[in-house]
1. Go over the candidates 54, 133 one by one and state the one that is of a type in the set (Gly, Ala, Ser) and either at pLDDT 95 or above or not in a helix (DSSP H, G or I) (or both).
2. Inside region 69-84, can you point out the residues that are within 17 Å of residue 56 (Cα to Cα) and either in contact with a Phe, Trp or Tyr (Cβ under 8 Å, 6 or more places away or on another chain) or touching a residue at least 24 places away in the same chain (Cβ under 8 Å) (or both)?
3. Out of the residues in region 52-68 meeting the condition of being crowded, with 16+ Cβ neighbours inside 10 Å and of a type outside the set (Gly, Ala, Ser), tell me which one is farthest from residue 91 (Cα to Cα).
4. Sort out which residues of region 1-10 are part of a helix (DSSP H, G or I) and either touching a strand residue (DSSP E or B) at 6+ places or on another chain (Cβ under 7 Å) or loosely packed, with under 12 Cβ neighbours inside 10 Å (or both), and write them in order of number.
5. Listed residues 30, 74; which is surrounded by fewer than 12 Cβ atoms within 10 Å (Cβ to Cβ) and of a type outside the set (Lys, Arg)?
6. Does residue 73 meet the test of being assigned to a helix (DSSP H, G or I), modelled with pLDDT of 95 or more and within 30 Å of residue 7 (Cβ to Cβ)?
7. Can you find a residue in region 16-31 that is free of Cβ contacts under 8 Å to residues at least 60 places away in the same chain and more than 19 Å from the chain's Cα centre (by Cα)?
Amino acid sequence: MYTNDEILAKAKELGKMMAETEAVDFFKRAEAQIHENQNVREKMASLKSLQKQAVNFQNYGKEKALGMVEEKIANVEAELDEMPIVDQFKEAQGEVNALLQMVSHAISQTVTDEIIVSTGGDLLSGETGAAAANSTPGKCS
C-alpha cells in the first residue's frame, strides 16, 4: 500500500518530468515572445479593458452598449488571432494541454484497470469481480 504523501511525491516528480518536455519548452518560448511583443501586449490590455466594460454594461443592463463593446472585443480577438506569434502560443498551449490530458487519462485508466484486475474482474467488459459475481444468472444475493 502507498500513502497519499508517497503518491503526491510521485505526482510532483511526474510534473517535473513533464516540465522538461519539448512541448513545455515550446510553450515557454512562445509565452516569452508574447510578453516581449508590444503590439500583442497593447491588444491584450485593450481586450482586458473591453471585457471589464462588457461585464459592467451587462450588470447594469446596458444592452446597446454591451453589443457595441462585444463587437469591439470580437475585432481585437480577430486581430490577435491573425498574428503568427499568437497562433504559435495557442499551438504550444494546445500541446501542453494534450500532454496533461494524456497523462491524466493514463493514470485514470491504470487505476480502473488495476481495480478490475485486483477484484478478479474482466478488463474486456470493464466490470470488476464484484459486478461480475452479482450479475451471474441464477445467483441470489
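1. So the residue among 54, 133 that is of a type in the set (Gly, Ala, Ser) and either at pLDDT 95 or above or not in a helix (DSSP H, G or I) (or both) is 54.
2. 69, 73
3. 57
4. Passing the criteria: 4, 5, 6, 7, 8, 10.
5. Of the residues listed, the single one that is surrounded by fewer than 12 Cβ atoms within 10 Å (Cβ to Cβ) and of a type outside the set (Lys, Arg) is 74.
6. no
7. No.
Residues are listed down the side, and each one gets a yes or a no for (1) out of contact with any Cys (no Cβ under 8 Å at 6 or more places or on another chain); (2) within 30 Å of residue 10 (Cβ to Cβ); (3) free of Cβ contacts under 8 Å to residues at least 12 places away in the same chain; (4) assigned to a loop (DSSP other than H, G, I, E, B):
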| residue | (1), (2), (3), (4) |
| --- | --- |
| 34 | yes, no, no, no |
| 43 | yes, no, no, no |
| 50 | yes, no, no, no |
| 61 | yes, no, yes, yes |
| 90 | yes, no, yes, no |
| 96 | yes, yes, no, no |
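The values are calculated or read from the model by the stated rules, or taken from the named source; none is laboratory data. Because the structure is predicted, anything quoted here is derived from the model rather than measured. All Cβ positions, glycine included, derive from the backbone under ideal geometry; neighbour counts span all protein chains shown.
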